[in-house]
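Single-structure report; data block below.
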Amino acid sequence: MADPIHQFEIKKIVPLKLNDIDISFTNSSLFMILTVTIISLFLILSINKKKIIPSRFQLTSELFYKFILNMINDNVGQDGQKYFSLIFSLFTFILFGNLLGLLPYSFTFTSHIIVTFVLAMFIFVFVTLVGILMHGFKFFTLFVPKGVPIAMLPLMVPIEVISYLSRPISLSIRLFANMMAGHTMLKVFAGFIFSLGIFGIAPLFVDVALTAFEVLVAFLQAYVFTVLTCLYLNDAINLH
Amino acid sequence: MNNKLKDFNKRLQGFKKKNLNKNNLKKNKNLKDINIVFKSGIELVSPVIVAVFIGIFLDNYFQSKPVFLIIFLILGFSAGIINVFRAVKRLGFEVGFKKKK
């Protein structure tokens, strides 16, 4: 049976070394560049011929724009619109990366924890900096929950700090685990198809259903990642 | 003919209005519910991971092997439970506290 983990293997395409650090161009980097290229092409081509009555192609990119704008307005408010470009690029990058990984012979870079962790860490540092720059020292009142008696504070503040520090971890593990579990499951069922002979038609149907489910997960995880980013931004911008 | 068309237009407008209000609210709420279900499991575990790291680091620093690990483990579990509690609060199942707005 084919090895279901094999698909996550990182292969060096152009080996590069900077002193002792390995900075090779791998299949992961190739698909990241491919994702960015596809997004740019899609957005540039779709709004190439701007019309008041949009074509269907133009409508798709307007749909993306409106979706993110509504998300920011609902979760952060008017002040969050400054960060539209960040949230929009984040959403499209994760979404297209997830969807591109579903194609046969492609590679899913979001199924590697280091990629998602760096994304989450970047957001964590960014949100913390935004909070500190906007509110100064007052930002740290985020760790003092409202309506808690003073006697409980020595217990509550460490808990709040720990749950604040756990944000990048929960953000990254969620995306990575969902993508990796889904892709492994697809491969495991695909392995059954051949080894079961004629009864392989049953796992084949399961695989078809799972592929549809994976498309849903790809959308949902991109959505969840960006919504949580919005919520964290909201915490930083509008202190309680 | 004209009359029929007008009638049709009226019905269409009414239907659109009804559908828009209903659908939008329902969809949004469903998506948020799924969101919370996906969230809560990891939300419970990740503070524990952070707490274990902090505990081990402090123990190494102060040479006090199990003390800080135990303290932070307890804090981490509590943080996880509070996280899940807060996530569920948005669903409207909350006990005790009131909603913010």
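The values are calculated or read from the model by the stated rules, or taken from the named source; none is laboratory data. None of these values were measured; they are calculated from a predicted model. Note that we place each Cβ from the backbone using ideal geometry, even for glycine, and neighbour counts take in every protein chain shown.
With respect to (1) at pLDDT 90 or above; (2) outside any helix (DSSP H, G or I), the lone exception for B:F97 is condition (1). Evaluating A:L129 against the criteria (1) more than 30 Å from A:P104 (Cα to Cα); (2) surrounded by 19 or more Cβ atoms within 10 Å (Cβ to Cβ) leaves one unmet condition, (2).
To keep it simple, each residue is scored yes or no on (1) modelled with pLDDT under 85; (2) among the basic types (K, R); (3) touching a Leu at 6+ places or on another chain (Cβ under 9 Å).
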| position | (1), (2), (3) |
| --- | --- |
| A:K138 | no, yes, yes |
| A:L175 | no, no, yes |
| A:I193 | no, no, yes |
| A:I201 | no, no, no |
| A:F213 | no, no, no |
| A:N234 | no, no, no |
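Within the bounds of the stretch A:165-174, is there any residue that is of a type outside the set (A, V, I, L, M, F, W, C), within 9 Å of another protein chain (Cβ to nearest Cβ), free of Cβ contacts under 8 Å to residues at least 12 places away in the same chain and closer than 15 Å to B:V45 by Cβ? Scanning the stretch A:165-174, I find at least one residue that is of a type outside the set (A, V, I, L, M, F, W, C), within 9 Å of another protein chain (Cβ to nearest Cβ), free of Cβ contacts under 8 Å to residues at least 12 places away in the same chain and closer than 15 Å to B:V45 by Cβ, so the answer is yes. Between A:N98, A:N19, A:N75, the distinction of being at positive phi and not basic (K, R) belongs to A:N19 only. Checking the structure you have, find out if any residue of the stretch A:160-180 is out of contact with any strand residue (DSSP E or B) (no Cβ under 9 Å at 6 or more places or on another chain), among the aromatic types (F, W, Y), within 22 Å of A:T116 (Cβ to Cβ) and assigned to a helix (DSSP H, G or I). Checking the stretch A:160-180: at least one residue is out of contact with any strand residue (DSSP E or B) (no Cβ under 9 Å at 6 or more places or on another chain), among the aromatic types (F, W, Y), within 22 Å of A:T116 (Cβ to Cβ) and assigned to a helix (DSSP H, G or I). Listed by first and then second residue, the pairs with beta-carbon distance under 8 Å, at least 6 apart or on different chains, first residue in the stretch B:51-73 and without any contact (Cβ under 8 Å) to a residue 12 or more places away in the chain, second surrounded by 13 or more Cβ atoms within 10 Å (Cβ to Cβ), are B:D59/B:F68; B:D59/B:L69; B:F62/B:F68; B:S64/B:L58; B:K65/B:D59; B:P66/B:D59; B:V67/B:D59. Residues in the stretch A:147-164 that are surrounded by fewer than 15 Cβ atoms within 10 Å (Cβ to Cβ) and more than 9 Å from chain B (Cβ to nearest Cβ): A:V148, A:P149, A:I150, A:A151, A:M152, A:L153, A:P154. Could you say whether any residue in the stretch A:41-63 is touching a residue at least 40 places away in the same chain (Cβ under 8 Å), exposed (fewer than 15 other Cβ atoms within 10 Å of the Cβ) and among the hydrophobic types (A, V, I, L, M, F, W, C)? No, every residue in the stretch A:41-63 fails to be touching a residue at least 40 places away in the same chain (Cβ under 8 Å), exposed (fewer than 15 other Cβ atoms within 10 Å of the Cβ) and among the hydrophobic types (A, V, I, L, M, F, W, C).
A search for C-beta distances below 8 Å between a residue of the stretch A:1-30 that is within 30 Å of A:G197 (Cα to Cα) and any residue that is surrounded by 10 or more Cβ atoms within 10 Å (Cβ to Cβ) and small (G, A, S), counting only pairs 6+ apart in sequence or on different chains, returns A:M1/A:G191; A:M1/A:S195; A:A2/A:A190; A:A2/A:G191; A:P4/A:G191; A:F8/A:S111.
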